[in-house]
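The block underneath contains the structure these notes are about, expressed in structure tokens.
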Amino acid sequence: MRISIIGTGAVGSYYGIMLANAGHNVDFLLRSDYEYVKANGLKLYSNTHDDIILPSVNAYKNTTEMPKSDIVVVALKTTQNREVLPQILPDIVGKDSIVLLVQNGLGMEEDLSFLCPTLQIAGGAALISSHKIQKGVVVHQDYGTLDVGSYNLQQPAQLDNFSKQLINAGVPSSHQDLKKLRWKKLVWNMTFNGLSVVLDKTTDQILADPKDLKRCKVIMKEVIEAAKGCDVLLPENFDQEMIAFTQKMIPYAPSMKLDYDFGRPMELQYIYEKPILFARKSGYNMVYTEELFDELTQLEKA
């Protein structure tokens, strides 16, 4: 299987390294890291499995030089979708290629399909704690699951094969309903991503404060109700599961906090604006989540 990794950051690098180590032909699109990775390869240091050193990888600086792929894994931030993806995907997508958006939020697949109507698109939800410590070097702290779902695939069963290949590469994976997959991830993302920014706290600090913990639970309940309004039924106690899951995590600064702290655009459109609008159209108003979104919007403007 030939796989392209678009967005060779902490997440894209991890899955690309795991797949390359399992014997797949993996092509990495790089920008600032290109010269280093071309000369030195990629390194993955993991707290949960053996380290992986790839002294040589298929590194590219431009998609015009890359071969067509069976699976194009997009691990860019959604803030780059509109400007970047329509420009680069035609270079590496064949008639049977699948574009897999490993991104956070809701509605990305629909918008990309509007921009590029001929694409076969799927979505991926990554549950992983990893970060880059220098060019070409990723530290994997915990987890690593990559679940997938079809948006408009002619043969959705193709995702079953890719999921099996991920499992064979040491990456837990399953093929699920995409809409449900996205809303499940939003229960965590709409809570902890935004609160970590407005409170300037990591996950453990948020959970340690009774007032912040109460706010977490209120927002999670709203997301679960919004999902129900959009015909996605999540377990009634799913908020408790997510709180317990987060309590077990290594203290963590979510991606939106890192983006805000380093002056990068926050992924507000797909993690907040779109889900809020979808819920409102279904007749449900996410009052407390909208308040959080308003706070984030003001911080982004400032």
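Structure summary
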item: Ranked I271, I133, I5, I52, criterion: other C-beta atoms within 10 Å, fewest first; result: I133, I52, I271, I5
item: Rg and Dmax of the chain, Cα atoms only, in Å; result: 18.8, 55
item: Peptides ranked, highest mean first, by Cβ atoms within 10 Å: ranges 258-265, 30-37, 141-148; result: 141-148, 30-37, 258-265
item: Reduced Cα scattering model of region 180-301, Debye log10 I(q)/I(0), q = 0.13, 0.16, 0.18 Å⁻¹; result: -0.46, -0.71, -0.91
item: Region 2-176, relative contact order in percent, only Cα pairs under 8 angstrom and at least six apart counted; result: 22
item: Degrees separating the helix 10-21 axis from the principal Cα axis of the chain, which is the longest one; result: 40
item: Rounded tilt (10° steps) of 158-168 against the dominant C-alpha axis of the chain; result: 80
item: Region 1-51 - Kirkwood radius from inverse mean 1/r over Cα pairs (Å); result: 11.4
item: Using θ = phi - 60° and Karplus 6.51 cos²θ - 1.76 cosθ + 1.60, couplings along region 149-157 (whole Hz; Gly, Pro as x); result: x, 7, 9, 9, 5, 5, 10, x, 4
item: Under the Karplus curve 6.51 cos²θ - 1.76 cosθ + 1.60, θ = phi - 60°, whole-Hz ³J(HN,Hα) for region 50-56, x wherever Gly or Pro sits; result: 4, 5, 10, 10, 10, x, 9
item: Inverse of mean 1/r across different Cα pairs in region 73-126, Kirkwood, Å; result: 11.2
item: Sequence-distant residues sharing a close amide H with G170 (under 5 Å, placed H); result: none
item: Relative contact order computed over the chain (Cα-Cα under 8 Å; 6+ residues apart), in percent; result: 15
item: Per-residue HN-Hα couplings for region 288-300 [Karplus 6.51, -1.76, 1.60; θ = phi - 60°; Hz; x = Gly/Pro]; result: 6, 5, 5, 4, 5, 4, 4, 4, 5, 4, 5, 5, 5
item: Convex hull per residue volume in Å³, alpha carbons only, for region 169-234; result: 109
item: CD proxy at 222 nm, helix term only [per DSSP H run n ≥ 4: -39500 (n - 2.57); per residue of the chain; nearest 500]; result: -13000 deg cm²/dmol
item: With Cα atoms, 0 to 90° folded angle of helix 81-92 axis to the chain main axis; result: 30
item: Rg over Rh, two decimals, region 2-176 (C-alpha only, Kirkwood Rh); result: 0.93
item: Coil-residue GluC sites (Glu not before Pro) of region 269-302, DSSP, other Cβ within 10 Å capped at 11; result: none
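Readers should treat all values here as calculations from the given coordinates under stated rules, not as data from a laboratory. Treat the numbers as computed from the prediction; the structure is a model and nothing was measured. Every residue, glycine among them, receives a Cβ derived from its backbone with ideal geometry; neighbour counts consider all protein chains shown.
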